[in-house]
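Notes follow once the structure below has been shown.
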Amino acid sequence: MTGQNPMAVFVAARLDEDEWVARESRRTGPAPGDHELYVLDDDHRHNQIVISGPRALAEVEAKRRTLARHPGATASSECPGCAAHLDGTWVTPAGATCPQLADLAAPYADHPGYATLTTGQTGDPR
Ligand SMILES: [Zn+2]
């Protein structure tokens with residue numbers, strides 16, 4: 001993990017998990033009447049949204065492309081995807097959190113590894 005931003009490592013691990021789930025869903029294929037996105041109503045609470053396997057894979061790939069452009073800052077380097085303002089200051093200087101990377105990580109805030117990213121705890125964020 002040397003040289004990599006811990007939040008980027010965390011996001012990459014979550015995307016690998018999402019890809020695995022999406023590929024598992026493709027093994028069984030869609031049921032008649034399945035849509036790309038719908039609310040699951042098996043308990044009458046409408047508390048789950050379901051997306052199709054192909055759409056989930058497309059979202060994983062889109063997030064991976066964003067992650068590739070914004071691998072985040074490290075202790076000594078700025079995020080290469082954030083570039084600089086017109087005055088030459090980096091949007092995400094060394095040691096700061098890249099806002100694009102933070103947005104990619106936010107949906108996984110309930111994952112135990114997320115706390116190591118936001119509280120400064122040591123440990124493997126994967
Ligand atoms: Zn960035």
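The values are calculated or read from the model by the stated rules, or taken from the named source; none is laboratory data. Here the structure is a predicted model, which is why all the values come from computation and not from measurement. Cβ sites come from the backbone with ideal geometry, for glycine too, and all protein chains shown count toward neighbours.
Residues of region 51-79 that are at pLDDT below 95, of a type in the set (S, T, Y) and within 16 Å of the ligand (Cβ to nearest atom): T74, S76, S77. So the check is Cβ under 8 Å with 6+ separation or different chains; which pairs have a first residue in region 79-95 that's over 22 Å from M7 (Cα atoms) and a second one that's in a loop (DSSP other than H, G, I, E, B) and within 12 Å of the ligand (Cβ to nearest atom)? Within 8 Å, the pairs are H85/V91. Across region 1-44, the qualifying residues are those that are touching a helix residue (DSSP H, G or I) at 6+ places or on another chain (Cβ under 6 Å) and modelled with pLDDT under 85, and the one among them that is surrounded by the most Cβ atoms within 10 Å (Cβ to Cβ) is S25. Checking each residue in region 71-106 for being crowded, with 16+ Cβ neighbours inside 10 Å, outside any loop (DSSP other than H, G, I, E, B) and either more than 14 Å from the chain's Cα centre (by Cα) or among the basic types (K, R) (or both) picks out only W90.
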